[in-house]
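Here the structure is laid out as structure tokens; the discussion comes afterwards.
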Amino acid sequence: MSFIVAIDGPAGSGKGTITKIVGEKLGLVNIDTGATYRCVTLAVINNKYKLEETEKIVNLLNKIKIEIKKDLKGEEQFFLDGEDVSKEIRTPKVNELVSQISHIPEVRERMADFQRNIAQGKNVIMEGRDIGTNVFPNANVKIYLDATPEERARRRQKQNEEKGIQTTFEEILENIKFRDNNDKTSKVAPLKQAEDAIYLDTSEMTIEEVSEKIISIVNEKLNKVIK
Ligand code: DC
């Protein structure tokens, strides 16, 4: 049996950073589901398929191989057909298309299965948009992280700077608002808070405060599971 912590929320809400910290502190395997959609999107771009070419995109899912490996620092690296694409999947060309690609029903279905498979038999903390509502509706703990679009764009820009990815604040804010709208109005598994998720507005909270809050929620639940 596995213990599942689902962290959902919009782009830049802090899911990635928080999931990594909480996962390390509690010994949970950390899974970034957005990166799996980013790998599919990169494969679509590399094959020069258009968004409307759904059949070709769906066929592509049978051909590509996505792998997650840890580097020496314990950071997750994403591989597409054997090539390390961890950096390329965060670039603007992927940002622009990933939300639409991720909402093709067959892509969602396949990726959700892939995500469930990686989690099998493990205790995981999984971050995404529909983990608590669709991938693991019976997750032991569900958290919905949120923050204002401006604060989220500011965080994303800082992250990009650290990774050496060139983007302006305006570019990021515009992309965040576009993806918010796209993710929330999707016909399949839209971004929304699960009824039994705990809502956390992190706009005014530090990373440490958010992590501690989640750790205490998870610990409380773990104690109940053990008893
Ligand atoms: O978390 P992220 O910004 O890397 O996610 C990239 C895109 O993937 C996002 O715009 C929506 C989509 N996504 C999704 O639809 N479902 C998930 N579980 C994770 C991401």
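The values are calculated or read from the model by the stated rules, or taken from the named source; none is laboratory data. Just so you know, these numbers come straight off a predicted model, no measurement behind them. Note that we place each Cβ from the backbone using ideal geometry, even for glycine, and neighbour counts take in every protein chain shown. In case anyone asks, the SASA skips ligands and DNA or RNA and just uses the protein heavy atoms, side chains included. Shrake-Rupley method; radii C 1.70, N 1.55, O 1.52, S 1.80 Å.
Against the list (1) of a type in the set (Val, Ile, Thr); (2) modelled with pLDDT under 95; (3) open to solvent by less than 10 Å² (accessible area, probe 1.4 Å), the condition Val141 fails is (2). Taking the criterion of being open to solvent by 30 Å² or more (accessible area, probe 1.4 Å), free of Cβ contacts under 8 Å to residues at least 40 places away in the same chain and within 16 Å of the ligand (Cβ to nearest atom), would at least one residue in segment 13-36 satisfy it? The answer is yes; a qualifying residue exists. I need the full set of residues from segment 47-80 which are in contact (Cβ under 8 Å) with a residue 12 or more places away in the chain, closer than 20 Å to His103 by Cβ and over 18 Å from the mean Cα position of the chain (by Cα), in order please. Within segment 47-80, Asn47, Leu51, Thr54, Ile57, Val58, Leu60, Leu61, Ile64 meet the criteria. Asn181 falls short of the stated requirement of being in a helix (DSSP H, G or I), without any contact (Cβ under 8 Å) to a residue 60 or more places away in the chain and within 20 Å of Asn30 (Cα to Cα). Count, please, the residues in segment 189-218 that happen to be over 13 Å from Ile131 (Cα atoms) and either free of Cβ contacts under 8 Å to residues at least 60 places away in the same chain or touching a Pro at 6+ places or on another chain (Cβ under 8 Å) (or both). Qualifying residue count, segment 189-218: 13.
Lys192 fulfils the conditions (1) in a loop (DSSP other than H, G, I, E, B); (2) basic (Lys, Arg); (3) near the ligand (Cβ under 9 Å from one of its atoms) except for a single criterion, (3). If the Cβ limit is 9 Å and pairs must be 6+ apart or interchain, which residue in segment 125-147 that is touching a residue at least 40 places away in the same chain (Cβ under 8 Å) and more than 14 Å from Val5 (Cβ to Cβ) pairs with which residue that is open to solvent by 30 Å² or more (accessible area, probe 1.4 Å) and more than 13 Å from the ligand (Cβ to nearest atom)? Correct list of pairs: Thr133/Gln193; Thr133/Glu195; Asp146/Gln193; Asp146/Tyr199; Asp146/Asp201; Ala147/Asp201; Ala147/Glu204; Ala147/Met205. Which of (1) part of a loop (DSSP other than H, G, I, E, B); (2) at pLDDT 95 or above is the odd one out, the single condition Ser2 does not satisfy? Result: Ser2 passes all but (2).
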